[in-house]
Amino acid sequence: MSWLLIPRPLTRNFTHLWLVFLTNKMENDIDIQPILDRVLSGERLTTAECAALLESHDVAKIGAAADDIRRRRHPDNVVTYIIDRNINYTNVCNVVCTFCAFYRRPGAPDTYVRTLDEICAKIDETIALGGTGVLMQGGLHPDFGIEWYEDLLRTLRARYPKFQLHCFSPPEIHNIHLISGLDYETIMARLKEAGLYSMPGGGAEILDDEVRKRVATKCTTDEWLAVMRAVHRVGLRSTATMMFGIGDKIQHRVRHLQRIRDLQDETGGFTAFIPWTFQRENTALGRRIKDEPTGIDYLKMLAVSRLFLNNIENFQSSWLTQGLRLGQVALRFGANDMGSIMIEENVVSAAGAHNEADEKMLRYLISEAGFTPQQRDILYRHVDRKSESLDHKPASEPAAWTH
């Protein structure tokens with residue numbers, strides 16, 4: 001319906017009704033200040049309080065509390081970023097995830113497995129740009145047992161002894177378990193010995209089987225958590241993630257956060273938490289789900305995560321999925337890390353996220369938000385690399401700036 005075709009009195013009435021609707025939604029919100037006061041005094045949020053915050057429309061107040069907690073945990077006013085790249089060693093995958101636009105079934109004409117030379121060429125380019133590591137993941141290949149992964153890691157560690165191999169995910173480890181018949185802890189000990197440095201938190205999506213069974217056929221919630229428990233038991237660190245907007249409700253997101261917090265209480269192995277929204281383009285699930293999370297939903301989820309996960313130190317802004325502008329705003333909603341310059345990324349971009357940024361742009365965004373930019377490695381240790389040109393304003397704004 002065109003606004004030009006609506007009579008002016010009707011337009012005024014519609015606007016009035018809309019304002020009344022918004023006012024009523026705010027007035028019907030519970031008073032969240034007592035909840036925020038409790039968390040700011042050092043108490044832990046309950047799951048009921050977490051749900052109340054996620055249901056609230058008072059996003060500014062929630063964001064301010066998360067920013068306060070972020071300042072207490074990181075009083076140096078530094079926001080970090082990392083130079084790395086995502087290498088996907090194969091797109092062959094023997095499971096079906098309806099939210100994924102990257103995978104290809106075995107035997108499809110456009111499948112691939114990266115050669116060692118191809119992987120090394122990508123690592124060489126990353127090192128030339130000042131990178132300290134690589135995030136390497138792939139589909140769940142039906143023919144790759146643990147020996148394939150060990151050979152790859154040993155070869156890369158021998159060639160790049162100081163380069164951090166941040167690789168694989170719980171679904172990939174579960175796939176190795178199914179193929180090789182080994183328990184998770186044995187797999188992780190062998191991969192660590194072969195050169196694995198740490199593990200990404202991929203494959204979590206929503207840690208609740210009520211949601212998972214509708215959108216994927218890979219590992220269950222308990223299996224994902226069991227793999228991460230094994231990762232931490234052998235002395236490796238990992239990140240934890242959440243992808244929401246896949247048909248999940250607030251109660252599912254709260255259960256996800258509770259399970260992450262409980263495992264962190266048990267092991268202390270998570271270095272960071274990274275939430276982002278489902279990217280629906282080119283996916284089977286995207287054709288069925290019409291209600292996408294908004295920018296407000298993302299900022300609220302990030303802020304509430306910072307408030308609820310009081311045992312995790314670092315929270316990452318997902319500018320790749322949210323765009324550079326909202327990614328910058330996230331630094332005032334609890335995030336203390338801007339993530340990667342993302343030299344290469346294939347999985348999320350296949351589903352419609354095409355945002356890009358180089359190191360100079362990330363440093364500029366961090367500085368303009370009032371923080372000191374600092375390069376880090378995968379374990380959030382500062383990397384000292386001096387370059388006078390890095391802190392100059394970018395010559396031009398990339399296309400992603402407008403997304």
Counting only protein heavy atoms, what percent of the accessible surface of region 117-158 is carbon or sulfur at a 1.4 Å probe?
50 percent
Taking max minus min of the Cα coordinates of region 171-261 on each principal axis, largest first, gives extents in Å of 40, 25, 15
How far apart, in nanometres, would the label points at Thr220 and Leu178 be if each is projected 7 angstrom from Cα along the Cα-to-Cβ direction?
1.4 nm
Note: region 155-205 at 25 °C, 0.890 mPa s; Kirkwood Rh on alpha carbon pairs; Stokes-Einstein D in µm²/s works out to 210 µm²/s
Modelling each spin label as a point 7 Å along the Cα-to-Cβ direction, I'd like the His57/Ala158 distance in nm, to one decimal.
6.3 nm
Hey, rough spin-label estimate for Arg233 and Leu379, points 7 angstrom out along Cα→Cβ, what's it come to in nanometres?
2.2 nm
Mean separation of Cα pairs under 8 Å and 6+ residues apart, divided by the residue count of region 111-186: what relative contact order is that in percent?
36 percent
If the limit is 18 Å between Cα atoms, which of Lys162/Lys192; Lys249/Lys300; Lys213/Lys300; Lys213/Lys249 go over it?
Lys213/Lys300
If you take the alpha carbon radius of gyration of region 57-204 and divide it by 2.2 N^0.38 Å, what ratio comes out, to two decimals?
1.26
Would you work out what percent of the accessible area of region 196-281, with all protein chains in place, is carbon or sulfur (probe 1.4 Å)?
44 percent
Provide the per residue accessible area, probe 1.4 Å, for region 163-309, rounded to a whole number of square angstrom.
34 Å²
Cleavage-rule hits (trypsin sites (Lys or Arg not before Pro)) in region 102-196: DSSP loop, at most 12 neighbouring Cβ within 10 angstrom:
Lys162
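The values are calculated or read from the model by the stated rules, or taken from the named source; none is laboratory data. Owing to the predicted nature of the structure, the values given are computational and were not obtained by experimental measurement. Counting neighbours? That spans all protein chains shown, and the Cβs are built from the backbone with ideal geometry, glycine included. Areas reflect the complete protein model, heavy atoms only, side chains present, ligands, DNA and RNA absent. Shrake-Rupley method; radii C 1.70, N 1.55, O 1.52, S 1.80 Å.
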